[in-house]
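Since the structure comes first, as structure tokens, the remarks are kept for the end.
Since every read-out is calculated from the coordinates, none of them should be taken as a lab result. Everything numeric in this text was worked out from a predicted model, so none of it was measured. Here Cβ is always computed from backbone atoms with ideal geometry, including for glycine, and neighbour counts include all displayed protein chains.
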Amino acid sequence: MAGNGRAPDQRVRGERHGSARRLWIAAGAGAVLVVAVAVTAGLLVGRGEPAEQADEADTYASAPACSAVPQEAVTELVPGAELETSRQGPMENADSSTCVWTSVGADDAPPRSLHLDFTAHFTDKAGEVSGARAAGRRLEQLAPIGDLEGADPVSELGEGALVWPGTADAASAEVVFRRDNMLIQVFYGGDAGDGGMDYAAAREGAVAAAERVADSL
């Protein structure tokens, strides 16, 4: 990938990073956080198809429900959290779930958002690519983000795990890591500006959430 100039890098980032578009907007005197949720890129949502089935060798047979996420981890990071998005469904050779908690509009709570995407990849019907390998390939597809300024490996979450700034204002952070055939993406942040969240705090929160989720899997 090296030597292709900025334009290809930006194009790759747009194609591979489009799976997790978030929009953070400050409005008036208060900061309002808006999270736009998209299904992981490179996978197609099943339309009227039977739910995909995991293989016996696949450690995870489905993506976890939002209720499986440790509640204390959510409330620590998002005081006054409300579950804004909770959905789960089949994908091509996979099962996915998305959970988004925010404190936007909560009394006496700063605007915060925690967004989790889980994708349980399954062994293909031909048995040629295992679910774990499929999840590993997806992680490799996200790996070029590590070439961007500010992206760092997160060794405590395993090989290939990364954390990077989620937005230009550096008021959010993103983490991606894998457990066997499960790919997990974590997005955490809040409002920027005076007294708001900076990247160091967002990074710490996103990694902490990822570690709690990893322990619960």
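Brief remarks on what is shown
- As a calculated quantity, the FRET efficiency between residue 106 and residue 59 at R0 = 41 Å, using C-beta atoms, amounts to about 0.65.
- At 0.890 mPa s and 25 °C, Stokes diffusion of the stretch 61-172 via Kirkwood alpha-carbon radius, µm² per second: 152
- Counting 0.36 nm for each residue step from residue 200 to residue 67 and taking away their Cα separation leaves a gain of 45.1 nm.
- Across the stretch 82-217, the mean sequence separation of Cα contacts (distance under 8 Å, 6 or more residues apart), normalised by length, yields a relative contact order of 19 percent.
- Area projected by the alpha carbon convex hull of the stretch 151-216, averaged over all directions, nm²: 4.3
- Taking 7 Å steps out from each Cα toward its Cβ at residue 140 and residue 86 produces label points 3.7 nm apart.
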